Structures are given as structure tokens and as C-alpha cells.
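Trainee: There's a structure below that I have some questions on.
Every read-out reported here was derived from the displayed coordinates using simple, explicitly stated rules and does not represent laboratory data. Since we're looking at a predicted model, the values are computed, not measured. Note: ideal-geometry Cβ built from the backbone for every residue, glycine included; neighbour counts use all protein chains shown.
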Amino acid sequence: MNVIEESPHLNLLPVSVRRELIEKLLAANEKKPLTIAKIDAIVQDVVEEYNRALVDPGEPVGTVAAQSIGEPGTQMTLNTFHYAGVAEINVTLGLPRIIEIVDVRRKPSTPVMTVFLTEECKADREKALEVARQIEGTTVENVARSIIMDVINMNLVIHLDKYKLEDQKITIEE
């Protein structure tokens with residue numbers, strides 16, 4: 001283990017961010033040696049910025065996300081005119097996947113997400129499943145046996161499936 005990996009704040013970051021930070025610090029350290037204090041200061045700054053960038057589940061960030069993706073997408077479309085008649089250039093590269101993610105398609109063509117588990121969760125199946133449950137979005141539709149709309153009484157009658165609730169570790173109160 002090198003000096004960079006011994007930084008006490010490094011474990012506050014997700015594995016993927018931690019790996020990238022270590023790689024960049026190692027590269028910077030080769031160019032100009034960094035002191036332990038400087039490494040700790042950099043790691044602390046990265047942890048602070050990472051925590052500032054986090055949002056709570058369900059927080060409305062769609063408008064900013066749409067603008068952040070929409071503007072470059074529009075720019076990419078406008079740039080296609082520069083490549084008119086050039087068959088080798090695929091100007092829509094990546095755009096179908098972005099649309100798939102933004103539209104939150106029910107049946108995405110690439111339904112895969114890589115999640116790095118801590119050593120503790122890797123060894124314990126129940127803990128790994130708990131992480132999966134926290135990430136996975138669960139709706140009433142996912143745990144209901146049936147949903148009936150009673151138009152006359154203006155009610156929505158939901159019959160919950162106790163096995164699905166148990167599987168998701170959800171109580172009726174939740």
C-alpha cells in the first residue's frame with residue numbers, strides 16, 4: 001500500500017471514484033512528488049466536492065439534467081451538417097443510449113448497471129441484496145397483486161402481495 005492509498009478520507013468515496021483519484025494522484029506524484037499533507041488536502045477536497053454533488057433520491061433534478069444533455073445533443077445535431085455526405089462518421093454515437101436513459105424506458109435495450117460493493121457486502125449475500133434493493137426503484141405496481149380504480153366512490157383499491165413485500169423487505173406502513 002502506498003502513501004496515497006493510506007489517506008484516511010479515501011474510504012469515504014465510492015470504489016470507482018477512489019480508483020480514478022488514486023490513478024490521477026499517482027500520475028501527478030510521478031511528475032512532481034506530493035507531500036502527505038498535500039495528498040490529504042486533495043483527497044479531502046474531492047470528498048467535499050463529491051458530497052456536494054450528491055442529491056437525495058427523488059429530488060427534482062430533471063430540468064438541469066435535461067438541459068445538460070439536451071444542449072450538447074442539439075449542438076451535435078447541428079454539427080452533422082459539417083459532415084454531410086461523409087458516410088464513415090457516425091454522428092449519433094451514444095445518443096440512442098442517452099435518450100434511453102433520459103426517457104426512462106421500461107424495457108431498455110441495455111439494462112445493465114455495474115455496482116462496486118464494499119468488501120463487507122461482497123462476502124454477504126443478504127447485504128448485497130440490501131444494496132440492490134436500495135438502488136432499485138420500487139413502485140406500488142411492483143408490490144401489488146391488483147390495483148382497482150373505484151370511479152363511483154373515487155377510490156383506488158390496492159391489494160398488496162405479501163410475498164412481494166417480504167421479498168423487497170417492505171412493510172405495509174411503508
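Trainee: What is the log10 of I(q)/I(0) for region 4-53, computed with the Debye formula using one identical point scatterer on each Cα and no solvent, at q = 0.17, 0.23, 0.28, 0.31 Å⁻¹?
Mentor: -0.45, -0.81, -1.15, -1.32
Trainee: Got a sec to turn the phi values of region 16-27 into Karplus ³J(HN,Hα) couplings, 6.51 cos²θ - 1.76 cosθ + 1.60 with θ = phi - 60°, whole Hz, x for Gly and Pro?
Mentor: 5, 5, 4, 4, 5, 5, 4, 4, 5, 5, 4, 5
Trainee: Hey, another quick one. Across region 119-134, in residue order, what do the Karplus-derived ³J(HN,Hα) couplings come to in whole Hz, using 6.51 cos²θ - 1.76 cosθ + 1.60 with θ = phi - 60° and x for Gly and Pro?
Mentor: Result, ordered by residue: 4, 4, 6, 4, 7, 10, 4, 4, 5, 5, 5, 5, 4, 4, 5, 5 Hz.
Trainee: What spacing in nm lies between the two simple spin-label points modelled at Leu160 and Tyr50, each 7 Å away from Cα in the Cβ direction?
Mentor: 3.5
Trainee: Only residues of region 36-58 count here: report those whose backbone N is under 17 Å from the spot 7 Å along Cα→Cβ of Ala28, or say none.
Mentor: 36-51
Trainee: Residues in region 149-174 near a label at Val140, defined as backbone nitrogen under 19 Å from the 7 Å Cα→Cβ point?
Mentor: 149-166, 168-174
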